[in-house]
Amino acid sequence: MLKITMYSSADKVKGQGVGSAYVELVRMLRARFQGEFDIAINQYRESDISHYHTIDPKFYLSTFSKKRGRKIGYVHFLPETLDESLTIPQPFRSIFYHYVIVFYKRMDHLVVVNPSFIPKLEAYGIPGSKITYIPNFVDSDRFYEMSSQERINLRQKFHLKRDDFVVLGSGQIQERKGVPDFIKLARQNPDIQFIWAGGFSFGRMTDGYKQLKRVVDNPPANLLFTGIVSRDEIAQLNNVADLFLLPSYNELFPMSVLEAFSCGTPVMLRDLDLYHSIIDGYYQPAKDVDAMQRELVRLRHDPERLLMLKKLAHEAAHRYSKDHLAQIWHRFYLEQAKER
């Protein structure tokens with residue numbers, strides 16, 4: 001039996017995608033490969049493979065032990081992506097960014113959730129031969145399209161009218177996620193109900209915290225900030241939504257989009273280059289907030305277009321299904337074990 005030890009503190013910070021991706025992977029591996037993989041969490045034991053999901057200093061120190069086996073690093077961010085998420089004063093920012101790359105270079109192999117990261121890691125001096133792209137996935141047993149009656153009941157739960165047109169966004173409340181544009185759209189469309197599911201996972205360190213906190217504390221009448229909610233509630237909110245809208249300026253492989261796809265929710269995204277290699281064709285693109293406004297008005301009055309986007313969402317969910325990714329991870333771990 002292959003001994004795999006996961007090292008992660010991602011689930012300690014609620015409401016952020018790294019933790020969701022980690023939880024989904026561990027749950028899937030334990031359910032699918034119980035007889036093949038012996039999986040432990042944060043145990044400093046002798047292992048065939050040590051898979052590092054977060055870059056904690058204590059995890060870094062553990063890599064110097066020969067008992068760790070093959071060291072796999074999960075790349076969820078690079079220094080340049082952190083710039084748009086957290087406010088870290090100098091000189092601590094430079095020290096931390098240097099540490100991030102040092103950690104990645106300690107690994108025997110890296111896994112990225114978006115292929116656009118590969119050339120960026122190569123620019124830091126990490127050979128492309130040591131990097132593998134494996135996308136995120138979500139559990140279709142939790143994220144699925146519910147029945148019409150269930151959606152009616154959920155709208156009552158969230159105090160929504162049956163005929164409300166509901167636009168959902170989710171993720172951490174921060175500048176990078178495009179939350180200011182989401183707020184602007186809510187103000188421009190008082191007859192549409194907007195919901196943002198998520199909160200300030202990193203508190204005052206969040207980029208744009210002061211300005212965003214003022215709106216969260218006193219939002220427009222048609223904009224609901226739920227705060228950090230459970231993954232089950234995220235699934236419910238996707239089912240009450242007519243449209244999922246993520247206006248992020250920078251993403252990797254957003255779990256929130258996969259969750260929407262899995263629930264059959266039509267998706268509109270800021271049209272980022274990094275989406276083109278992973279989910280191109282499955283969503284309504286919009287280059288800026290003005291384009292989002294035009295598409296929002298169009299989609300609200302075009303049920304056939306919404307229906308087409310729903311169909312595309314189901315196709316995307318199938319492409320990034322748990323069944324498909326289970327086989328990819330299974331093959332990856334076996335190949336890495338042979339490299340030990």
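Computed from the coordinates by the stated procedures, all read-outs in this text should not be read as laboratory data. Keep in mind that this is a model prediction, so the values were computed, not measured. Every residue, glycine as well, gets a Cβ built from its backbone with ideal geometry; the counts of neighbours run over all protein chains shown.
Taking every alpha-carbon pair under 8 Å whose residues sit at least 6 apart, the chain reaches a relative contact order of 18 percent.
Can you give the % of DSSP beta bridges in the chain that are antiparallel, to the nearest 5? Kindly include the intermediate steps, with their values, before the conclusion.
Values: 2 of 39 bridges.
Bridges in the chain that DSSP calls antiparallel: roughly 5 percent.
Pairs of Lys residues in region 151-309 are counted when their Cα atoms are under 19 angstrom apart and they lie 8 or more places apart or on different chains; the count is 6.
Taking Cα atoms only, the orientation of helix 17-32 departs from the longest principal axis of the chain by about 70 degrees. Within straight-line reach of Lys58, meaning a Cα separation under 24 Å, sit the following lysines at least 8 residues removed in sequence or on another chain: Lys3, Lys12, Lys14, Lys66, Lys67, Lys71, Lys105, Lys130.
Counting other C-beta atoms within 10 Å, which of Ser262, Ser94 has the fewest, and how do the rest follow? Please report the intermediate quantities before stating the final value.
Numbers: Ser262 27, Ser94 11.
By the 10 Å Cβ count, ascending, the order reads Ser94, Ser262.
If you take every DSSP beta bridge whose two residues both sit in region 148-319, what share of them, in percent to the nearest 5, is antiparallel? Could the numbers behind the result be given before it?
Details: 1 of 18 bridges.
Counting only bridges with both partners in region 148-319, antiparallel ones make up about 5 percent.
By definition, a body whose alpha carbon gyration tensor gives a ≥ b ≥ c is prolate when a/c is 1.5 or more and a/b is larger than b/c, and the chain fits this prolate description.
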